[in-house]
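Structure first, then comments.
Bear in mind these aren't lab numbers, they're just calculated from the coordinates by the rules spelled out. Just so you know, these numbers come straight off a predicted model, no measurement behind them. Backbone-built Cβ (ideal geometry, glycine too); neighbour counts: all protein chains shown.
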Amino acid sequence: MATAQSFFAAKGLPFSKSTAQTLSQQGVLSSSDLRYLDESVFMGLFAGEKPIIQNKAKAAWKELVQPPVVVQASAVGQPFNFSAAPAASSIAPMDIESQGKPAAGGVT
């Protein structure tokens, strides 16, 4: 379980004693709890910061509340497309060897 402090560090956001206190008062125990904050509370943590930090905070918030991408494999296989298979030859394998050779009795 990642801490809120490690999340802030990974996003380049400052983490102070007052930030820790606010998060504690809100009941945040881990970084996964941050998504349950009101946006105004999260953004309020950076109200006194420079614009670049506020922009980083906005990006971090968007990432927090974005639904996770779910990649699901199909449990049902795709049917084999017989039309994509190479066409069968009308020559039987035993006839391939005899191609170009005179037939028994010398007649081709």
**Asked** Fully extended, how many nm does the chain gain between GLU39 and GLN66 (0.36 nm per residue separation, minus their Cα-Cα distance)?
**Response** 8.4 nm
**For a label point 7 Å along the Cα-to-beta-carbon line of ILE53, residues of segment 7-23 with backbone N under 15 Å** = 8-22
